[in-house]
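Okay, so here's the structure we're looking at.
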Amino acid sequence: MVITKKSLSRRTVLRGLGATIALPLLDGMVPALTAAPQPVRRLGAVYVPNGMSMPFWTPQAEGNLVLSPILAPLAPVRDRVLVLSGMSNKDALPLLNEGDGDHSRAQTAFLTGAHAHKATGKSATLNAGVSMDQIVARQLEKETQLASLELSLESNDLVGQCEDGYGCAYSATIAWRDATTPLPMEANPRAVFEHLFGAADSTEREVRLRRLRRDSSLLDSVAEELASLRRTLGRGDRSKLARYLDSVRDIERRIQIAETQRDRQFPEVMQPAGVPARFEDYAGLMFDLLAVAYQADLTRVGTFLFGREKSVRTYPEIGVADPHHPTSHHLNVPARLERLSKINTFHVQLLGRFLEKLGSIPDGDGSLLDHSMIVYGAGMSNSNAHIPADLPILLAGGGAGRVKGGRHVRLHADTPMANLHLTLVDKMGIAAERFADSTSGLTVLSEV
């Protein structure tokens with residue numbers, strides 16, 4: 001990083017017609033004759049539904065990470081990937097006489113380590129627990145525009161009952177503000193873009209929306225202020241700013257293209273109007289929105305839901321025409337396990353592109369990937385048996401020097417996943433003695 005004589009505020013923004021464009025960390029934001037600032041740490045959690053094809057997920061050996069077939073797409077970022085085997089979520093198991101509801105319990109427990117209680121009688125009251133991401137978000141909310149960002153690739157209702165008497169909210173989100181308050185996850189890219197870059201206090205919102213309908217760019221409204229800012233920046237910062245704004249403009253363009261297809265029909269799974277026709281493009285667009293939110297320090301906490309439990313999305317683009325949930329009930333038949341592994345591999349491929357994107361974005365003396373910790377996995381392992389033990393979990397990113405990747409670590413059997421969450425909260429700089437059913441932290445993340 002180049003230390004400059006002049007210094008821009010870290011909170012410098014560009015304001016235009018109903019737009020507020022936050023900026024990434026520029027060299028010009030570091031005051032002269034001061035040490036480079038401590039890197040900002042980001043936290044993310046990405047959830048995939050319906051378990052995993054475990055024979056194709058688990059690396060064969062411990063120690064140096066040899067990527068399994070499902071994890072193979074992560075080769076470009078292998079040294080930033082830590083695979084953790086052996087963790088369990090016992091609170092995803094049914095209580096006595098509780099009956100079915102494995103999917104709802106597995107998804108809810110993923111970040112909360114809490115048991116999802118079924119509605120009783122006429123009561124639709126939800127009862128789970130605060131999620132790990134929200135513990136961090138509460139502490140960091142004064143530092144950023146948004147305390148956290150919750151994204152989903154399926155439209156989800158928080159109301160009503162879905163699986164065997166469990167509230168739909170249990171499968172609609174992985175983020176819980178407290179035991180009774182699930183956070184809605186946004187599935188519409190336009191709504192996310194407006195949330196990130198629209199000025200909430202603007203009185204000109206309808207004018208801005210009319211401009212967007214004419215395929216104009218939100219960035220056009222800040223052109224004058226942008227030109228003025230560029231004149232104050234050094235060559236390196238001008239280049240960095242240009243790449244960031246190109247990313248924002250590209251995201252906006254892709255949203256506009258998707259919105260021209262709003263009348264098409266979606267098979268099998270409900271989708272919001274205005275999402276890209278191909279799932280691959282949809283996921284890439286939403287991941288890019290999260291990357292930009294991290295880059296501009298709009299938030300430091302994000303959760304991402306590939307799909308709700310019991311999702312029946314189909315994947316014809318990879319040769320799997322059967323719905324996801326029935327495919328996950330493989331009966332241990334090799335051909336069915338292989339079909340499920342195709343879906344799992346496709347998801348990891350999309351994750352890998354996101355991680356590569358983070359690795360390509362400069363952030364202080366490293367990259368966004370260097371300074372992030374992204375948990376990825378499912379709430380059950382063997383999806384055929386709905387087992388919430390030996391969960392398929394990986395942690396990606398360097399955690400600003402706090403995580404050592406390129407390894408496969410097998411923990412003691414039934415290590416609470418809450419131990420991982422407690423450790424991540426600590427590595428985000430937040431003191432906590434316990435989380436859910438945690439028994440200790442995980443020193444293996446950094447080998448310290």
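Annotations for the structure displayed:
- Selection within region 87-121 - of a type outside the set (S, T, N, Q), within 21 Å of ILE374 (Cα to Cα) and outside any helix (DSSP H, G or I): MET87, GLY113, ALA114
- Neighbours by Cβ (under 9 Å, 6+ apart or cross-chain): first from region 115-141, farther than 15 Å from HIS421 by Cα; second among the acidic types (Asp, Glu) and at pLDDT below 85: LYS118/ASP164
- Filtering region 163-182 to residues that are crowded, with 21+ Cβ neighbours inside 10 Å and either touching a Pro at 6+ places or on another chain (Cβ under 9 Å) or of a type outside the set (Asp, Glu) (or both) leaves TYR166, GLY167, ALA169, TYR170, SER171, ALA172, THR173, ILE174, ALA175, TRP176, PRO182.
- Within region 329-339, at least one residue is modelled with pLDDT under 95 and among the basic types (Lys, Arg).
- Scope region 398-436; condition closer than 27 Å to GLN38 by Cβ, touching a strand residue (DSSP E or B) at 6+ places or on another chain (Cβ under 8 Å), of a type in the set (D, E, K, R) and outside any helix (DSSP H, G or I); matching residues: ARG402, LYS404, ARG407
Yes/no matrix, rows are residues, columns are (1) in contact with a helix residue (DSSP H, G or I) (Cβ under 9 Å, 6 or more places away or on another chain); (2) at pLDDT 95 or above:
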site: LEU14; (1), (2): yes, no
site: ALA35; (1), (2): no, no
site: SER53; (1), (2): yes, yes
site: PRO73; (1), (2): yes, yes
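- A search for C-beta distances below 7 Å between a residue of region 428-448 that is within 13 Å of LEU82 (Cβ to Cβ) and any residue that is buried (at least 17 other Cβ atoms within 10 Å of the Cβ) and of a type in the set (Ser, Thr, Tyr), counting only pairs 6+ apart in sequence or on different chains, returns LEU442/THR423; LEU445/THR423.
- Checking each residue in region 345-382 for being surrounded by fewer than 20 Cβ atoms within 10 Å (Cβ to Cβ) and touching a His at 6+ places or on another chain (Cβ under 8 Å) picks out only GLY364.
- In region 383-418, the residue that is farthest from THR327 (Cα to Cα) out of those that are among the polar types (S, T, N, Q) and buried (at least 20 other Cβ atoms within 10 Å of the Cβ) is THR415.
- All of ASP237, ASP246 fail the test of being modelled with pLDDT of 75 or more, of a type in the set (D, E, K, R) and surrounded by 15 or more Cβ atoms within 10 Å (Cβ to Cβ), apart from ASP237.
- Odd one out for LEU196 among (1) under 26 Å from ALA19 (Cα atoms); (2) assigned by TED's automatic domain parsing to the domain that holds ASN97; (3) not in a loop (DSSP other than H, G, I, E, B): (2)
- Residue in region 300-312 that is nearest to the chain's Cα centre (by Cα), counting only those that are under 18 Å from GLY379 (Cβ atoms), of a type in the set (D, E, K, R) and buried (at least 23 other Cβ atoms within 10 Å of the Cβ): ARG308
- Some residue of region 360-370 being in contact with a Gly (Cβ under 6 Å, 6 or more places away or on another chain) and in contact (Cβ under 8 Å) with a residue 12 or more places away in the chain: yes
- In the set ALA147, ALA169, only one residue is in contact (Cβ under 8 Å) with a residue 24 or more places away in the chain, of a type outside the set (Lys, Arg) and not in a helix (DSSP H, G or I); that residue is ALA147.
- Of everything in region 70-108 that is charged (D, E, K, R) and within 15 Å of GLY51 (Cα to Cα), the residue that is surrounded by the most Cβ atoms within 10 Å (Cβ to Cβ) is ARG105.
The values are calculated or read from the model by the stated rules, or taken from the named source; none is laboratory data. Just so you know, these numbers come straight off a predicted model, no measurement behind them. Here the Cβ is made from the backbone with ideal geometry for all residues, glycine too, and neighbour counts use every protein chain on show.
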